[in-house]
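Remarks on the structure that follows.
The values are calculated or read from the model by the stated rules, or taken from the named source; none is laboratory data. This one's a predicted model, so the numbers in the text were calculated from it and none came from an experiment. So basically every Cβ, Gly included, is an ideal-geometry build from the backbone, and we count neighbours across all protein chains shown.
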Amino acid sequence: MTHRHILLIAALVFFTFNLHAQNDDDVITVDSSIVVLNATITDSAGKAVGGLKQKQFSVFEDGVEQKIESFTTEETPFAAVILLDTSGSMEERVTLARSAAIQFLNGLRREDNVAIYNFYSKLELVQDFSNTQNLREQAFDLRAKGMTVLNDAIYKAAVDLSTRPEKRRAIIVLSDGADTASKRNSDKALKAALLANATIYTVDMSASNAAAKDRAHNQGVLKNFAEKTGGKFVATPGGVAMRDTFTRIVEELGQQYTITYSPSNSNKDGKWRTIELRISRPNLTIRTRKGYNAPKK
């Protein structure tokens, strides 16, 4: 085991947090001495860029440069939760969402683990974390019905991922973005994902004939989840576009840069801390989470 690996393991040991949902007004808390950033770096053509060195990166928290504790570039396993919207607004598009999930599973490597939920008026586990590339039979019986608990689904996915050993974590949401029945708002769902260090990829499954105003609002919700966590928003896919999209997501999750640092600001005030990751090499696009809420006494 290299010195770099020892540093990373040590960092992850001290990075602890507690997500709990004891009631409808659950409080999400974090106790962290190490912040973990999973970053995707792409060039002007949108292709992943490898071979970058630690000295090319710098991390700033609220404008103050931080000392990088560890830096990892090699391919590592990831854990992901796929959330399939099966609410009444999805209608025939449930089949398309299921096909997308199958495409994602087809790209898994032996060490990756994925769980799948479907959500409507409630959240249901389709299959628990595993590295199987096969979708369980019950997934083919899913039908569109009921309301939509999108925020609750993302929150639950974050809770599940917070207990996983993998340092790279993702939530893949296939939905039209219209939440109609969640107990939690989008802010709580987003905070949970950030605490779990989960990157959110959102796939717009809106109907082509949806009202322009409603569709724009719902896309805004999905884009916000993706942008704040360093993920990606994907417009309604189909055919080859859908296949390529999910192939890229799987590849991206395995090839991210993982960076850790100890925040110089140790105040437990619960305030939002903005994170900025910079690279000395020009003309590259960086995707990573935008910040986190400090722990609160």
Point to revise | Set L195, L190: member being free of Cβ contacts under 8 Å to residues at least 60 places away in the same chain, under 27 Å from A79 (Cβ atoms), assigned by TED's automatic domain parsing to the domain that holds R98 and surrounded by 19 or more Cβ atoms within 10 Å (Cβ to Cβ) | key: L190
Study note, to complete from the structure: For region 243-297, the count of residues that are closer than 12 Å to V35 by Cβ and of a type in the set (F, W, Y) equals 2
Review point. How about region 74-105: which of its residues are farther than 23 Å from D179 by Cβ and over 19 Å from the mean Cα position of the chain (by Cα)?
Key: E74, S99
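Yes/no per residue for (1) buried (at least 17 other Cβ atoms within 10 Å of the Cβ); (2) touching a helix residue (DSSP H, G or I) at 6+ places or on another chain (Cβ under 6 Å):
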| site | (1), (2) |
| --- | --- |
| S206 | yes, yes |
| D214 | no, no |
| N218 | yes, no |
| V234 | yes, yes |
| A241 | no, no |
| F246 | yes, yes |
| V250 | yes, no |
Practice item. Give the number of residues within region 264-273 that are under 19 Å from T288 (Cβ atoms) and within 22 Å of the chain's Cα centre (by Cα). Key: 2
